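**Q** I am attaching a structure below and will ask some questions about it afterwards.
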Amino acid sequence: MVKIDEKEYEELRRHGEETYPHESCGVLLGCGEGDERVVVRIARCENVRVDSLRDRYRIDGRELVRIASAARERGEDIVGFYHSHPDHPARWSQTDLAEAHWPGCSYLITRIASGRREETNSFVLEGTGEVDKRFREEEIQVTHGNRS
Amino acid sequence: MKIFIPAPLRQFAGTRSAVEVSAKTVGEALGMLVAEHPDLKRHLYAEDGKLRAFINVYLNDEDIRYLDKDATLVEEGDTLSIVPSIAGGTIALSQDEILRYSRHLVMPEVGLEGQGRLKSSRILCVGAGGLGSPLALYLAAAGVGTIGIVDFDVVDATNLQRQVLYSTADVGRKKLDSAVERLRGLNPFLEIRPFETRLSSENALDIVRQFDLVVDGTDNFATRYLVNDACVLCEKPNVYGSIFRFEGQLSVFALREGPCYRCLHPEPPPPGLVPSCAEGGVLGILPGLVGVMQATEALKLALGRGEPLVGRLLLIDALQMRFRELRLRKDPNCPVCGSHPTIRRLIDYEQFCGSRSEAATRIPEVSVEELKLELDAGRDLYLLDVREPQEYQICNLGGHLIPVGELPRRMHELDPSRDIVAHCRSGGRSARAVEFLRRSGFGKVRNLVGGIRAWAERIDRGMPRY
């Protein structure tokens, strides 16, 4: 399960509307224990996949290193990622699975239909490596203003 | 220097998030890391000993690929970050898939984007029978990425007249085994999810939730109401179809703006009033016609193209080859999709449809073996056959023929003082006949369990079965 406050949740969903028709992407920061990930902050990233922005995304590694290092200083960790699917269902694609290398992390996908945000689903990457990795759909628990 | 380990790899590094090493180059530092934590090696390095393509290593905030790679010199106080890449995308079609779907890809209504939608869509077929066969075949051929099939039946010879998913050699096999084999043979680029179970109030929501839309290929009222309610509760479109003899019906239910099956039929018909295809028969082509139209509606919904058959009931009369359309309205008082629903979870549908009525289980019965013994012993029995004349021609036990529908007005042909044994093909219609006759004052009437089909299977093997 992934827990996220409404504010961050709607922000990551809006991000997909802003970048439409291109894919948006970002990092979920917080803490994880067992099968529960609690998101306390999201970090918007630039989609650096310049060749095919409509149907691909990639987060720049340097940006990720900076995000991870700032998170460490706040005592947070990378617990997942989000991206949007412009005019495609909020389901993981074969490309998403092939390019997912963070087992134990949540991958949130938001469908943006004609520029409007629709459903968001979360999939946790399971398995120990490239051979047995797989996505399992998980619950998104949206909390309401538990924090300031 | 410090090496930062990303969360997914910490389980292979003694759960540590950072490891201190003292090294001169990046290569040496990484070598020390995997020497200390050997489990990490296969996650960082490919078989050929090179860093895996998706593993990025940053010295401070520079990618070592753009420095001197492994030979990059490091200093005290530097940090090394191991960062698996983060990427993805909606959909990718391989060259083989592009070739396979080329007739779709050149259509403006489909194109690469539409084909990608089909690939990422997940459609559940409830039932792999007459409707489910053409449906599953066409969905698979069209490239629907995930197809779920719910069925628990075995292929029977009587299925082959219409269930084109199966061949003669499949008789006796589980339908799901044959179906999965056939569909994978047709299109290996798909995920087929078989559910070998009867769809029930206990499992329906769990199964339906895994899909984007549901196509109802069931043949009984209890499952039809179950599929409808599950789809409304899960907010999934329900592509409905039904068939009987030369007639078919089609609609798309359970879309938020449109009606559901309960808006059309708030209550099921009394049990036995509407004959099933097993009792009444069906033209083998009819499920093909209706199933392919259901597949068309399912593909349109998956593509988000065209005008779906929402709020419209299409009536097909193949004998006249006429298609009519009825307007359907959403019932604001519908117990499941109305503005104040009373059904908020799944109920007992067998009970709702009366298919498990107490009366039906209380009627006196006789097995084919007992009947044989009684006949051989010369007991005075009156055999009543409640099937249709065309069924009587296929095989009979020499009984008096009164089709169940004519029984109320032809009851006078029967003698209430006689010992009557009623039978039909498999026992359903005769059970209703026995119930009716007992209520009408016939005290000594029993139902032949399993009907003439059981007789042909267990007593007279020379008799044709149908």
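The values are calculated or read from the model by the stated rules, or taken from the named source; none is laboratory data. Since this is a predicted model, take the numbers as computed values, not measurements. Neighbour counts are summed over all protein chains in view; Cβ atoms, including those assigned to glycine, are modelled from backbone coordinates with ideal geometry.
**Q** Name the single residue, out of those in the stretch B:249-262 being buried (at least 18 other Cβ atoms within 10 Å of the Cβ), at pLDDT 95 or above and in contact with a Leu (Cβ under 9 Å, 6 or more places away or on another chain), that is farthest from B:Phe323 (Cα to Cα).
**A** B:Pro259
**Q** Check off (1) crowded, with 22+ Cβ neighbours inside 10 Å; (2) of a type in the set (Gly, Ala, Ser); (3) touching a strand residue (DSSP E or B) at 6+ places or on another chain (Cβ under 6 Å) for A:Gly32 and give me the number that stays unchecked.
**A** Exception for A:Gly32: condition (1).
**Q** Output the residue which, of all residues in the stretch A:85-104 that are more than 7 Å from chain B (Cβ to nearest Cβ) and of a type outside the set (A, V, I, L, M), is nearest to B:Leu112 (Cα to Cα).
**A** This residue is A:Pro86.
**Q** Follow-up. Considering B:Val208, B:Val180, which residue is within 14 Å of chain A (Cβ to nearest Cβ) and over 15 Å from B:Gly129 (Cβ atoms)?
**A** Residue meeting the stated conditions: B:Val208.
**Q** Applying the selection to the stretch B:61-87, what residues are more than 14 Å from every other protein chain (Cβ to nearest Cβ) and of a type in the set (A, V, I, L, M)?
**A** B:Ala71, B:Leu73, B:Val74
**Q** Does B:Cys263 fit the bill of being farther than 30 Å from B:Pro389 by Cα, touching a strand residue (DSSP E or B) at 6+ places or on another chain (Cβ under 9 Å) and part of a helix (DSSP H, G or I)?
**A** In short, yes.
**Q** In the stretch A:110-122, how many residues are more than 24 Å from A:Asp35 (Cβ to Cβ), surrounded by fewer than 24 Cβ atoms within 10 Å (Cβ to Cβ) and within 11 Å of chain B (Cβ to nearest Cβ)?
**A** The number of residues fulfilling the criteria is 3.
**Q** Could you identify the single residue in B:Glu267, B:Glu235, B:Glu257 that is within 30 Å of A:Asn121 (Cβ to Cβ) and free of Cβ contacts under 8 Å to residues at least 24 places away in the same chain?
**A** Of B:Glu267, B:Glu235, B:Glu257, the one residue that is within 30 Å of A:Asn121 (Cβ to Cβ) and free of Cβ contacts under 8 Å to residues at least 24 places away in the same chain is B:Glu235.
Here's the yes/no breakdown for (1) over 30 Å from B:Arg465 (Cβ atoms); (2) out of contact with any Leu (no Cβ under 9 Å at 6 or more places or on another chain); (3) surrounded by 13 or more Cβ atoms within 10 Å (Cβ to Cβ); (4) of a type in the set (A, V, I, L, M, F, W, C):
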{"position": "B:His265", "(1), (2), (3), (4)": "yes, yes, yes, no"}
{"position": "B:Pro268", "(1), (2), (3), (4)": "no, yes, yes, no"}
{"position": "B:Leu283", "(1), (2), (3), (4)": "no, no, yes, yes"}
{"position": "B:Leu303", "(1), (2), (3), (4)": "yes, no, yes, yes"}
{"position": "B:Gly306", "(1), (2), (3), (4)": "yes, yes, no, no"}
{"position": "B:Leu313", "(1), (2), (3), (4)": "yes, no, yes, yes"}
{"position": "B:Ala318", "(1), (2), (3), (4)": "no, no, yes, yes"}
{"position": "B:Asp331", "(1), (2), (3), (4)": "yes, no, yes, no"}
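**Q** Have a look at A:Tyr82, A:Tyr107 and point out the one that is among the aromatic types (Phe, Trp, Tyr), facing another protein chain (nearest Cβ under 9 Å) and surrounded by 19 or more Cβ atoms within 10 Å (Cβ to Cβ).
**A** Answer to the check: A:Tyr107.
**Q** Let me ask you something else. Taking the stretch B:271-324 only, how many residues are touching a Gly at 6+ places or on another chain (Cβ under 9 Å) and on the phi > 0 side of the Ramachandran plot?
**A** 3
**Q** Of everything in the stretch B:88-118 that's in contact with a helix residue (DSSP H, G or I) (Cβ under 8 Å, 6 or more places away or on another chain) and within 8 Å of another protein chain (Cβ to nearest Cβ), which residue is farthest from A:Leu97 (Cα to Cα)?
**A** B:Arg117
**Q** Could you count how many residues in the stretch B:1-48 are away from chain A (no Cβ under 14 Å) and part of a helix (DSSP H, G or I)?
**A** 12
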